[in-house]
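The structure appears below as structure tokens.
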There are 4 protein chains.
Amino acid sequence: MRVGVLTGGGDCPGLNAAIRAIVRKGVQECGFEFVGVRDGWRGALEGAIVPLDIPAVRGILPRGGTILGSSRTNPLKSEDGVARVRETLAAYEVDALIAIGGEDTLGVAAALADEGIGVVGVPKTIDNDVTGTDYTFGFDTAVNIATEAIDRLHTTAESHTRTLVVEVMGRHAGWIALHSGIAGGANVILIPEQPFDLDQVCEWVRDRFKIRYAPIVVVAEGAVPKAGQMVVKDSSLDEFGHVRLSGIGEWLAREIADRTGKEARTTVLGHIQRGGTPSAFDRWLATRFGLRAVDAVYERDFGTMVALRGADVVRVPLSEVTGGTKGVDPALYAEFGVFFG
Amino acid sequence: MRVGVLTGGGDCPGLNAAIRAIVRKGVQECGFEFVGVRDGWRGALEGAIVPLDIPAVRGILPRGGTILGSSRTNPLKSEDGVARVRETLAAYEVDALIAIGGEDTLGVAAALADEGIGVVGVPKTIDNDVTGTDYTFGFDTAVNIATEAIDRLHTTAESHTRTLVVEVMGRHAGWIALHSGIAGGANVILIPEQPFDLDQVCEWVRDRFKIRYAPIVVVAEGAVPKAGQMVVKDSSLDEFGHVRLSGIGEWLAREIADRTGKEARTTVLGHIQRGGTPSAFDRWLATRFGLRAVDAVYERDFGTMVALRGADVVRVPLSEVTGGTKGVDPALYAEFGVFFG
Amino acid sequence: MRVGVLTGGGDCPGLNAAIRAIVRKGVQECGFEFVGVRDGWRGALEGAIVPLDIPAVRGILPRGGTILGSSRTNPLKSEDGVARVRETLAAYEVDALIAIGGEDTLGVAAALADEGIGVVGVPKTIDNDVTGTDYTFGFDTAVNIATEAIDRLHTTAESHTRTLVVEVMGRHAGWIALHSGIAGGANVILIPEQPFDLDQVCEWVRDRFKIRYAPIVVVAEGAVPKAGQMVVKDSSLDEFGHVRLSGIGEWLAREIADRTGKEARTTVLGHIQRGGTPSAFDRWLATRFGLRAVDAVYERDFGTMVALRGADVVRVPLSEVTGGTKGVDPALYAEFGVFFG
Amino acid sequence: MRVGVLTGGGDCPGLNAAIRAIVRKGVQECGFEFVGVRDGWRGALEGAIVPLDIPAVRGILPRGGTILGSSRTNPLKSEDGVARVRETLAAYEVDALIAIGGEDTLGVAAALADEGIGVVGVPKTIDNDVTGTDYTFGFDTAVNIATEAIDRLHTTAESHTRTLVVEVMGRHAGWIALHSGIAGGANVILIPEQPFDLDQVCEWVRDRFKIRYAPIVVVAEGAVPKAGQMVVKDSSLDEFGHVRLSGIGEWLAREIADRTGKEARTTVLGHIQRGGTPSAFDRWLATRFGLRAVDAVYERDFGTMVALRGADVVRVPLSEVTGGTKGVDPALYAEFGVFFG
């Protein structure tokens, strides 16, 4: 059996660990041959297929990124996309595909499975917003990086009268902000799932200043204030008249400074959250996902995805992940209100 | 309501995070008063009770260890132990206890609950061997530390012809060895649950040398060879005739060196695995456990323990944890055989 | 002898290590008594004096920030400043002062010494721009943090066609940018000492893209383009007409994106560079500085500052540091041109 | 000009950074061609020469180990060694050699230079015991790793009545022990340069216990007790009658436990101190050394070694390093006595 492996979407710590586990188990225990599909679905469309054997995966376990490259190309967006994927697979005699990715990549996998192509999915995303699995790999690493940054801010915050705003990743889901904010002891945490009230934020900030310790505000990049609180000013237009908003973190720092009369500074963690060596948990999870994905291929149980449920890795239908992202439950968010202010 | 908090057993990253969450929520949302019981059950026996309020828990979230101290004292081992605990609680007007600990501490908690004392348990242990919960806090930190050590050994291993043995914690359960060994890309992982065959270990080591790369062997401190393979030599007696075995790691390195004819070195991580700042996951889990333990006290749902199930924190009877430690399932261990050698 | 200790200016990893060494040696070996002056020179002006003994310095070695607080208050800026400092010292019977700080704090120390006050200086700053000493503590920690961030960006950069800009600290001196940029393998490094040519920067960026690997640009916050290259647009005015420039990092990313036609993203490390536990080097240096500052006081060699020269800690006149900041030598910067592009 | 590069002795973080800098500068600025000599002087003896160009050094900056391999082979130990090195260089048309290594490797380099072979030396060793240079790369990384381990032990030490012994590297010189012990706040530091008095050590340990905090003892692997204090017992003979001493750390823990009556535990850091990614300082230093070594070759200033003096990289005669290792000065060691006990 010849099996293709591809990684799609944003890069994410743990991708290489998953690829390694797939190849090691597939070759050593199942007698599979593997090929790598370059740059996500783009390689499947364009026939960019590379050899993938055990020597190719040596030493990659602790490395971030993906040796196969990635892209956001979506074959469903071109009319003949599915046909071209099918042609590539036929041309390279690929019997089955293991697709590692987030919601988009797995959505394509689900559609291809519906078309009869033998696909097994492996969920990954630093945002942790894939439905059907307790956690995705990449997330734990991102949270650790953000938490360490918040830790560092505490010591510097202790000796100054200023608000420190940390902008973390999370366009649609606030998991990184919530986990790192709680782990880091933030005084305010703002997530996309719940539009925030700028007045409330400033009240928390003022409360914090009263007990002489600079407030730390963690804000997900996708968080937004309540309707009407963010005014798009002329200043956010560039010389061509295009809207050119800075990130929410910088905006928030300005507003807090204006309203509280105290200095505010922003740290934008940006891509350092998705880079570097994966945490032990992410390597463990990625490895287990990889091993179990091979089982699914071996049993020809296509159209499925591996998923974490408690301490177990199980198999769920790929269709489970296509119903939208998994956000932070308001009840969970509310539990942590005791730490705000 | 006045609530006592105690931490028992070996220290563990996340204890302070749990204490902080308990006090913050108990005081701010439930109107509780708290006292700290010093040094685990010893403080309950001897009346070592200290004040515990919000200022006392400021800044402790990222710190390892426990501000309340710990001990392995077991009140059930003295005849009047339960009576003395009851007296202490009465003397200080303590209405309920939150006991944070591993199997032993929680076993005492279960027994006291049976005697009608209002106790809620919070599981912790770096060994991850408490039944009834998917994970305990402290474990993730320990695994990260061990994994980072293994990572470092890889680069040095690449340029020498020698076996590197890493001894990690785990007297009864191999969770740390298994997780860190898999995350670190070890070539052999030995756990207490499964007596190892020294010949097999040496075969894996020799196989590894063939592809020119020094083997890394991760061994839990409680791992043992198959019956008959470890001979207690005279050399392990000290000048008083007492048996004075070095750890299993050192023993193993000697045996491997003798049998393969190639140098072998040991690293014993020891207590660095249970010290230092907790990982983001452990802080998150400890915080959630703390918050939910307060809920249980508030609802007077005594005799219970908080536990992780998937991404949820639930409540289970304390009696669930008293049936022995949770070991690594042989089937799970077997899954990783593909990486050995 | 009663000795006051104060920390001034921005906080900096290693301050607590220095304070601890001063108190340990002063009390144990010289029989000194110590008091802490709160919040830098402000405490000296306002008589904010606190006890400072061995128990007060236990456990602070690895902690960032300063237990004495800090400020940028300059007593030389008020007419009666020197007199008030003198009064405070007299009122609390303080015979000598150890002032730990950067250029400003040490400048005040030099002036006070000229007025006959017994002062010894200890240089610190994460920017490493104090003259008279090879290195200041705080710098090594900042460089390690920035380097780790750049490391993380590399893995994510490998799989995308975008420029990554990292803005690091350094208003007047480019030491952090240069050291972290070289240690992190950046493709472009921009420092305040040398106005950059945006066209040259974009050329390096384009060259880098040709060998298929996203460029990483490290820019000190104080770096500026050559005259005429930065146009203050209307868009940088806020609703009150005030200029509200984002940092240089964000500006640079926009310009590079516009000119190269490829996406560019910014990471602003901000205060995480000055927070958290000091590196081993900074703890070592701060400890040695502290020990030697006590020697200087003991020998009543006032008006001096401790300084690193090679592997030795020596004593130099405080006047040496008042001649301006120590910038990156153009010849040193030029040496690294081989890594650009 | 064709230049060979070799790395000899124990591996060390920063070797790859040096190789990269050498190749980048040599090719881009001097028009050199490079070849790699495999496994230190062994490759020079046996003609194991590999291509070494810019693509070969991409991405190696942050990686531990050495892409060229290493060995402890010494060509001076075989009669025709020098002749064979000369033959290899002639056969591959190598005009000059850059030898990166510690005392042994550089000693060979000095001897070859005396024979008229064009050699430039670059000092490296985690032990920091090369004379002629303030610091060698590799050392800072090792110290950071050991310090972090000691940090972790503090939190666990706080809650137990036991002595924690940490054995760090350093056969002949105590630099790692001294720097990490001071940076980590150890209570006792033992170095090879100064035989220790076991009674004094135990007194310090007992003093420490009095103020309720477990003592941490850092011991260099080469440290030894005063004459007569270490008795080689029968128990240290193996079944063949060979002496089989455990490390000094384990021995010390046993003795301290016996004499103080309190438990003692050992952590042996071993090879994790020389593995993994180099610290920012080591990458900076290795890079600068590499750049300057190329200058020396370009100027045909053979028989020299690059060296750090203060913040400058200078050139010194290779003969300077052959006078023995650089140990810790007793006066420097004595300075830190204030922290013992």
**Study point:** B:Tyr333-B:Arg254 FRET efficiency (beta carbon distance; Förster radius 22 Å; 0.05 resolution)
**Key:** 0.30
**Study point:** Rg(Cα)/(2.2 N^0.38 Å) for the protein assembly as shown, N = residue count
**Key:** 0.90
**Study point:** Contact order relative to length of region B:139-275, as percent, for alpha carbon pairs under 8 angstrom and 6 or more apart
**Key:** 34 percent
Study note, to complete from the structure: For C:Cys30, placing the label point 7 angstrom along Cα-to-beta-carbon and taking region C:59-96, residues whose amide nitrogen sits under 12 Å are C:95-96
Point to revise | Cleavage-rule hits, GluC sites (Glu not before Pro), region A:266-341, DSSP coil, Cβ neighbours within 10 Å at most 14 | key: A:Glu299
Practice item. Show that you can apply the helix-only estimate: for chain A, add -39,500 (n - 2.57) for every DSSP H stretch of four or more residues, divide by all residues, and state [θ] at 222 nm to the nearest 500. Key: -11500 deg cm²/dmol
Check your understanding: Arranged by the count of other C-beta atoms within 10 angstrom, fewest first, what order do B:Thr66, D:Thr7, A:Thr161 take?
Key -> A:Thr161, B:Thr66, D:Thr7
Point to revise | Charge dipole of region B:111-202 about the Cα centre (unit charges at C-beta), most positive-ward option of B:Val168, B:Gly116, B:Ile126 | key: B:Val168
**Study point:** Teacher prompt: D:Gln28 distances to equivalent labels in other copies, 7 Å Cα→Cβ, nm
**Key:** 4.1, 4.9, 5.2
Practice item. Classify chain A as rounded, prolate or oblate from the Cα gyration tensor: take a ≥ b ≥ c as the square roots of its eigenvalues, call it rounded if a/c is under 1.5, otherwise prolate when a/b beats b/c and oblate if not. Key: prolate
Revision key, fill the gap. Going fewest to most other Cβ atoms within 10 Å around each Cβ, D:Phe139, B:Phe34 line up as B:Phe34, D:Phe139
Practice item. Any chance you could give the angle, 0 to 90 degrees and rounded to 10, that helix A:103-114 forms with the longest Cα principal axis of chain A? Key: 30 degrees
**Study point:** Charged-residue dipole, Cβ positions (Lys, Arg, Asp, Glu), region C:140-275 about Cα centre, Debye nearest 20
**Key:** 280 debye
Practice item. Calculate the dipole size of chain B relative to its Cα centre from +1 charges on Lys and Arg beta carbons and -1 charges on Asp and Glu beta carbons; express the result in debye to the nearest 20. Key: 800 debye
Practice item. Hand me the GluC sites (Glu not before Pro) from region D:66-170 located in a DSSP loop with no more than 12 other Cβ atoms within 10 Å, in residue order please. Key: D:Glu79, D:Glu93, D:Glu115
Revision key, fill the gap. So, in nm and shortest first, the distances from A:Pro195 to its counterparts in the other copies, with label points 7 Å along Cα→Cβ, work out as 4.6, 6.8, 8.0
Point to revise | Helix A:280-298 axis, angle to chain A major axis (alpha carbon atoms, nearest 10°) | key: 30 degrees
Check your understanding: So what are the ³J(HN,Hα) numbers for region C:194-211, from phi and the Karplus equation (6.51, -1.76, 1.60; θ = phi - 60°), rounded to whole Hz, Gly and Pro as x?
Key -> 9, x, 9, 9, 4, 5, 5, 4, 5, 5, 4, 4, 5, 4, 5, 4, 4, 9
Practice item. Note down the relative contact order for chain B as a percent, whole number, built from C-alpha pairs under 8 angstrom at least six residues apart. Key: 23 percent
**Study point:** In Å, descending, principal axis extents of the Cα set of region B:139-275
**Key:** 41, 36, 26
Review point. What gaps in nm, shortest first, separate A:Pro51 from its twins in the other copies when you place the label 7 Å past Cα toward the beta carbon?
Key: 1.8, 7.4, 7.5
**Study point:** A:Asp207-C:Glu299 FRET efficiency (beta carbon distance; Förster radius 35 Å; 0.05 resolution)
**Key:** 0.10
Study note, to complete from the structure: Taking Cα pairs closer than 8 Å and at least 6 residues apart, the relative contact order of region D:142-205 in percent is 33 percent
Study note, to complete from the structure: For chain D, percent of DSSP beta bridges that are antiparallel (nearest 5) comes out at 25 percent
Study note, to complete from the structure: Relative to chain A, whose Cα atoms define the longest principal axis, helix A:248-260 and its Cα axis are tilted in degrees, nearest 10, by 10 degrees
Study note, to complete from the structure: Flagged as over-length at 30 Å C-alpha distance, from A:Lys262/C:Lys262; B:Lys226/B:Lys262; A:Lys25/B:Lys226; A:Lys25/B:Lys210; D:Lys226/D:Lys326, the pairs are A:Lys262/C:Lys262
Check your understanding: Which ordering of A:Val205, B:Val119, D:Val168 is given by a fewest-first count of other beta-carbon atoms within 10 Å?
Key -> A:Val205, B:Val119, D:Val168
Exercise for review: In nm, give the distance between the simple-model label positions of A:Glu115 and B:Gln229, each being 7 Å from the Cα along the Cα-to-Cβ direction.
Suggested key: 5.2 nm
Revision key, fill the gap. Looking along the axis that carries chain D onto chain C, the residue of D whose Cβ comes nearest, with distance in whole Å, is D:Gly310, 2
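Where a number appears in this text, it was derived from the coordinates with a stated rule and is not lab data. These figures come from a predicted structure and were not determined experimentally. Positions of Cβ are backbone-derived with ideal geometry, glycine not excepted, and every protein chain shown enters the neighbour counts.
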